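The structure appears right after this line, and notes come after that.
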Amino acid sequence: MSVTLYVGNISYSMKEEDLKQAFSKFGQVLSVKIITDRRTGKSKGYGFVEMDNEADASEAMSNLNGKELAGRNVKVNKANTQAE
């Protein structure tokens, strides 16, 4: 079952492909979404990465949380899921 991770404090210059490359070191990345401002199209500095399974997601969290990516120390946690 896939796991979605919240990634905060992302550099505003970072692209989705850059984020995918960073997380791909720890397993299969199913999707990446950096949240942007609707009006300006600029990054809001956070996003979501969907990993293939729990083990890969845990590995990515433990290795990337607090680490520097593109000049900023990112925060990586399990994303909160919305109840249906």
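Here, each number is a calculation from the coordinates, and none is a lab measurement. Just so we're clear, the structure is a prediction, and the values are computed from it rather than from any experiment. When we count neighbours, we look across all protein chains shown, and the Cβ atoms used for this are built from the backbone with ideal geometry, even at glycine.
Tabulated data for the structure shown
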{"quantity": "J(HN,Hα) series, segment 33-41, from Karplus relation 6.51 cos²θ - 1.76 cosθ + 1.60, nearest Hz, glycine and proline x", "calculated": "9, 9, 6, 10, 5, 4, 7, 9, x"}
{"quantity": "Where the Cα pairs of the chain fall when distances are cut into 5 Å bins, in %", "calculated": "3, 16, 28, 27, 15, 8, 3, 0"}
{"quantity": "Cα→Cβ-extended label distance, 7 Å offset, between Lys42 and Thr4, nm", "calculated": "2.6"}
{"quantity": "Listed residue (Ser13, Thr40, Ala60) projecting farthest to the positive dipole end of segment 3-68, Cβ model", "calculated": "Thr40"}
{"quantity": "Pairs of lysine residues in segment 3-68 - Cα separation under 17 Å, sequence separation of 8 or more or cross-chain", "calculated": "9"}
{"quantity": "Segment 1-46 versus segment 54-74: alpha-carbon centroid distance in Å", "calculated": "12"}
{"quantity": "Computed [θ] at 222 nm, helices only, for the chain once each DSSP H run of length n ≥ 4 contributes -39500 (n - 2.57)", "calculated": "-7000 deg cm²/dmol"}
{"quantity": "Extension gain (nm, one decimal) between Asn63 and Ser13, 0.36 nm per residue minus Cα-Cα", "calculated": "15.8 nm"}
{"quantity": "Under 5 Å, built H, 5+ apart or other chain: amide partners of Lys44", "calculated": "Ile35, Thr36, Asp37"}
{"quantity": "In degrees, nearest ten, helix 54-64 long axis to first principal axis of the chain (Cα)", "calculated": "50"}
